[in-house]
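Asker: My questions all concern the structure below.
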Amino acid sequence: MKPNESKFVHVVNFYLKPDLSQEDIKRFEAGVSSLAAIEEIAVNNIGKPASTDRPVIDKSYSYCLLCVFNNQAMHDIYQTHPVHLTFIDNCKHLWEKVIIFDSETI
């Protein structure tokens, strides 16, 4: 990213249900991975809690989705994109909680 280049960052922490089968987990992973096909996303990363261990680190989530957009308009397109809506419809029964952090470059 170039200095002073504005971005819109969308971080989604998924808390999957504790009793999921391996098949359910693979279904979630395939679904969340499908979001990378959305062209409006400039940067996409899907991860699990890292092995770092400090008091300020929250590792209570199951998966973290990080999407970077060039601006909020691209994010807004993503929100209503058919791939995103299909992921939600197909996988929402697999999580018990989702926490989202949206931020804009200062």
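The values are calculated or read from the model by the stated rules, or taken from the named source; none is laboratory data. Please read these numbers as outputs of a predicted model, since none were measured by experiment. Cβ placement follows ideal geometry from the backbone for every residue including glycine, while neighbour counts extend to all protein chains displayed.
Asker: Restrict the check to the stretch 48-58 and report whether at least one residue is touching a strand residue (DSSP E or B) at 6+ places or on another chain (Cβ under 9 Å), more than 15 Å from His84 (Cα to Cα) and not in a loop (DSSP other than H, G, I, E, B).
Answerer: Taking every residue of the stretch 48-58 in turn, none turns out to be touching a strand residue (DSSP E or B) at 6+ places or on another chain (Cβ under 9 Å), more than 15 Å from His84 (Cα to Cα) and not in a loop (DSSP other than H, G, I, E, B).
Asker: A further question on this structure: I'd like the full set of residues that are outside any helix (DSSP H, G or I), polar (S, T, N, Q) and at pLDDT 95 or above, limited to the stretch 77-106.
Answerer: Selection gives Ser103 alone.
Asker: Another question, if that's okay. Report whether or not Ile46 is of a type in the set (A, V, I, L, M, F, W, C), surrounded by 13 or more Cβ atoms within 10 Å (Cβ to Cβ) and free of Cβ contacts under 8 Å to residues at least 24 places away in the same chain.
Answerer: yes
Asker: Only residues that are closer than 14 Å to Val32 by Cβ, of a type in the set (Ser, Thr, Tyr) and under 14 Å from the mean Cα position of the chain (by Cα): list them for the stretch 61-106, please.
Answerer: Tyr61, Ser62, Tyr63, Tyr78
Asker: List every residue pair whose Cβ atoms lie under 6 Å apart, where the two residues are 6 or more positions apart in sequence or sit on different chains, the first residue falls within the stretch 56-71 and is polar (S, T, N, Q), and the second residue, located anywhere, is assigned to a loop (DSSP other than H, G, I, E, B) and surrounded by fewer than 18 Cβ atoms within 10 Å (Cβ to Cβ).
Answerer: Listed pairs, sorted by first residue: Asn70/Ala42.
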